Amino acid sequence: MRRLLLLFLIISFSFAQDDNKAITILQGINANYSAIQDFTTEIKVDINLPGFRMPNKDVKYFYKAPDKSKIESKGFAFVPKDGILPFAELVKRDSLKNLTITEIIGDTVVITLVDTFQNQEAIMTLKVHEPSATIIQGSASINNQNILTFHIHYISIHGIYLPDESAIDLLLPPDFKKIQMLGTSPSQAKKFKEKIKDNKEWVDGKIHLKFSNYIVNQGLSDEIFEEAVETVD
């Protein structure tokens, strides 16, 4: 009986240590984000989504803490936030559901938790490089399907880690195919709706971002964001 009680206490202590370590790691990520008052960067955006016609773009991206962002580009463009400051809002929270360390490989720690993504409960997986406190890989899974997966390589600017390159894989719901109707005539749109109405296949997409020419913590004015074009989640 004493052995069982001792084993239970050891296991409980181990889980508590894992929880505390996971919280400490997320706090480190948040500390890196909190050091960013503002920045500007140039981004090469390469989007490969079926039916989504946006050529490769060079955009200028502005950010100011806590939540202001703006894009300057020729024509329409968007940049996914999770490719720039991944899970920035999530790591700020004081309490997270089912926070667990699932794997430790050298300097890399894999953390899972349950959160809301696209208005649904999702399992979030964060692969964190502990010395730099950066999320180098992340995913959101709903009903055992990875809806979002990203890989990010970082550079250090004045001791602050910012993305140098981001690769994002998306799994989009069947309704996303309707985006192909943009710019078509009413009759063409009607035919396309009929064509896809019974199609339940999800759509694979990829986005690649390459960053350059960062200027960090320069004291950006709020006026810059008054006519901001927001990035999409």
Problem set entry | Sparsely packed chymotrypsin sites (Phe, Trp or Tyr not before Pro) within region 61-107, loop by DSSP, other Cβ within 10 Å at most 13 | Phe76
Seminar exercise, completed: Scaled by the rule-of-thumb 2.2 N^0.38 Å, the alpha carbon Rg for region 20-151 gives a ratio of 1.14
For this session: Would you calculate the separation in nanometres between label points at Asp222 and Ile105, each defined as 7 Å from the Cα along the Cα-to-beta-carbon direction?
Result: 4.5 nm
Problem set entry | Spin-label model distance (nm) - Asp46 vs Ala65, 7 Å beyond Cα toward Cβ | 3.3 nm
Exercise. Once you put a point 7 Å from the Cα of Gln120 and another 7 Å from the Cα of His153, both along the Cβ direction, what distance in nm separates them?
Worked result: 3.3 nm
Problem set entry | Qualifying trypsin sites (Lys or Arg not before Pro) for region 77-149 [loop in DSSP, other Cβ within 10 Å: at most 13] | Arg93
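Readers should treat all values here as calculations from the given coordinates under stated rules, not as data from a laboratory. On a predicted model such as this, the values are computed, not experimentally measured, just so you know. Neighbour counts are summed over all protein chains in view; Cβ atoms, including those assigned to glycine, are modelled from backbone coordinates with ideal geometry.
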